[in-house]
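One structure is given here, and the rest of the page talks about it.
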Amino acid sequence: MSRQSEERPEPDGLPEYAERVLAVAELIPPGRVMTYGDVAEWLAQEIDPDAPPIAGGGGRGVGGPRQVGRVMATYGDMGPWWRVVRSDGALLPGHEREALQHYRTEGTPLREPARARAVDAGADADAGGDGPGRPRYERPAGRAGDRSRAALPRLDMRRARWDGNRPDAPDADDGA
């Protein structure tokens, strides 16, 4: 996600594909996510609803997951960028903490880090937890770059992934 707004055109001057990607991101309900591939597939189905999905997205005049990622990297801060994610549930590199704040505010399902060890903040006064009764996570040993991300949760993609049903549709998912 780029933070260089001076290089970005105003919303009225966005390329058509970028407008369409951002419009899909706006449809994703709070607390839910779609992958880059999901958004590409959504846009492909929008053009030709009867066409079968294409593995990896793309085709039919629509970009694939990489093109969606490029739009989000360039224009994503014009909308809820944290709701368009990698399929493995990893947080956006360089924006992990900001994304995590959004996920926690919206109640997006998360998976706690598998290798991190929770330290009871009440039992260890020096633990530095996030408040009374809230654990802090110790980072596993390893390379410095790995340690900074190792203790962060990932999205629980089974529970957080939105299937694309419009919120007002009669068969829309209830968000659970």
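Miscellaneous remarks
- On the stretch given as segment 78-104, residues that are within 19 Å of ASP38 (Cα to Cα), open to solvent by 30 Å² or more (accessible area, probe 1.4 Å) and either polar (S, T, N, Q) or not in a loop (DSSP other than H, G, I, E, B) (or both) total 2.
- Among the candidates GLY145, GLY107, the residue that is farther than 30 Å from ALA23 by Cβ and either open to solvent by 20 Å² or more (accessible area, probe 1.4 Å) or modelled with pLDDT of 60 or more (or both) is uniquely GLY145.
- Looking only at residues of segment 39-57 that are crowded, with 18+ Cβ neighbours inside 10 Å and not hydrophobic (A, V, I, L, M, F, W, C), we find that the one that is modelled with the lowest pLDDT is GLY57.
The values are calculated or read from the model by the stated rules, or taken from the named source; none is laboratory data. Model, not experiment: these values are computed from the prediction. In this analysis, Cβ positions are derived from the backbone assuming ideal geometry, glycine residues included, and neighbour counts consider all displayed protein chains. Just so you know, the surface numbers come from the protein's heavy atoms only, side chains and all, with ligands and any DNA or RNA stripped out. Shrake-Rupley method; radii C 1.70, N 1.55, O 1.52, S 1.80 Å.
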